[in-house]
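The values are calculated or read from the model by the stated rules, or taken from the named source; none is laboratory data. Keep in mind the model is a prediction, meaning the values are calculated, not measured. All Cβ positions, glycine included, derive from the backbone under ideal geometry; neighbour counts span all protein chains shown.
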Amino acid sequence: MLTALSKLIRIDIAPRIFLRKNIGNCKLLSRFLVDYNQIDELPKSIGQLSELTVLGIKYNCLSELPVTICNCEQLTELNIEGNHITQLPENLLCHLKDSVSVVLSRNDFNSFPIGDKTQYKNVKENLLCHLKDSVSVVLSRNDFNSFPIGDKTQYKNVKHFRLDYNRLEIFEAVQLSENTQLTTLNLCNNNIITLDFTGIETLKHLVELDLSYNQIGHLPDSIGELVSLEILDLTSNRLELIFSIFCLSEGIETLKHLVELDLSYNQIGHLPDSIGELVSLEILDLTSNRLEGLPNRIGELVRLVQLELESNQIKSIPLNIGQLCQLQTLNLDVNKLSRLPSTIGNLNNLRKLRVKDNLLQRLPPEIGKLQNLTHLYLSNNKPLDLLPIELGMLPSLRFLGIDGCSLKQMPVDITKNGSASVIKIRYFMFEKIVYDESKAGKQLLHSSLLVVR
């Protein structure tokens, strides 16, 4: 049948269809897509497809590619993701044209798939080495236990590099020292213990660095040399005791363009004052660390929009927190706070304030100045037995969580003046959701019911 289809230019095969060995008779075939089948072998005749430009064989059962595939000199896109391939045919890419996209993710590579290193000189997107312009290297979800290098110049023009979900234990920046174009480097979900940032200063255009879910215990000072870095993710590492003090490397202070910094799920017990140098920071996540307080210079992060401090051991918040005029979300859940500073009322753009599971005794009356506050979480503050009447001045409040507190009575002024609000009160095993007597909205307060006995 395929012998008669000599003018066929595209094949898109549905799941569970088997390939015929004479596929090579389709001389004009340019796109061959056989994704999500159970193909365990490609016919050697595929090498006769001289016009083939796109070959998609992802998520099959291949353990190797036929050597004849090297004859497909017009190939511009090759996707073999989700197979069981351990190595590529030698010099597979040496005859390929410019603008080639090759995806090798989710295979069984455990060493760098190279032959003659010149084979990669024309590859454009999603491969490995010595690549041309606009390159994205994708080696995710393989079995690399060391950085896959040949000649380090092979990465010279790579812009996006992904080696996430492998078994790397060491990252040496010198392996990318010839790269001046790299903008994104993703090394998350490896076993990296050691960061050697020697030569990191050459990565002048690096914008995003993801080192999350590793075992990193120390952040080199030279990280400050990544002058263009905007996103740094160090979630779930082991940043820990240095000279008997939990601290973050002072080298971070020079990251003037950093917009997002995620240090959640580490063991950091102290933030240096130099955190105030991160003048472009908009998102700071320190969830699940060992912080007992914040540096005074935290108030200098005037562009901060989101501050996550849940699950620490913070006992007090500095007064200059009120300088964070752009802050919209402040999460202080699960700490040891007994009070909030009066300056919290200066956070004009604050929309969500979370202070669950603390030791609050009173709220400052200045909280009534938060005109844009929509959600206030106060649950499980056992000492809290009275709310300030200024809560009734919050025109935007939609949710107020106070279950697990020791409130004996709700001030009438709150129920009278609060608008568009819901108060959720758990008393023993009951929960009441009560509405305003005017019923002018979906979730309003009802003053006659808001008494917890």
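Observations, loosely collected:
- Breaking point among (1) under 40 Å from the mean Cα position of the chain (by Cα); (2) modelled with pLDDT of 85 or more, for Gly47: (1)
- Any hit, region 231-247, residues being touching a helix residue (DSSP H, G or I) at 6+ places or on another chain (Cβ under 9 Å) and at pLDDT below 95: no
- Residue pairs whose Cβ atoms lie under 6 Å apart, separated by 6 or more positions or on different chains, with the first residue in region 255-278 and over 18 Å from Val305 (Cβ atoms) and the second of a type in the set (Lys, Arg), are Gln267/Arg290; Gly269/Arg290; Asp273/Arg297.
- Flag if His84 is modelled with pLDDT of 80 or more, part of a loop (DSSP other than H, G, I, E, B) and over 22 Å from Asp210 (Cα atoms): yes
- Strands (runs of 3 or more DSSP E) completely within region 120-220 that count 2 or more residues being modelled with pLDDT of 75 or more: 158-162, 170-172, 184-186, 194-196, 208-210
- The residues of region 363-383 that are more than 18 Å from Gly345 (Cα to Cα) and either modelled with pLDDT under 95 or surrounded by fewer than 22 Cβ atoms within 10 Å (Cβ to Cβ) (or both), listed by number, are Ser379, Asn380, Lys382, Pro383.
- Residue count, region 291-314 (criterion: of a type in the set (D, E, K, R) and buried (at least 17 other Cβ atoms within 10 Å of the Cβ)): 4
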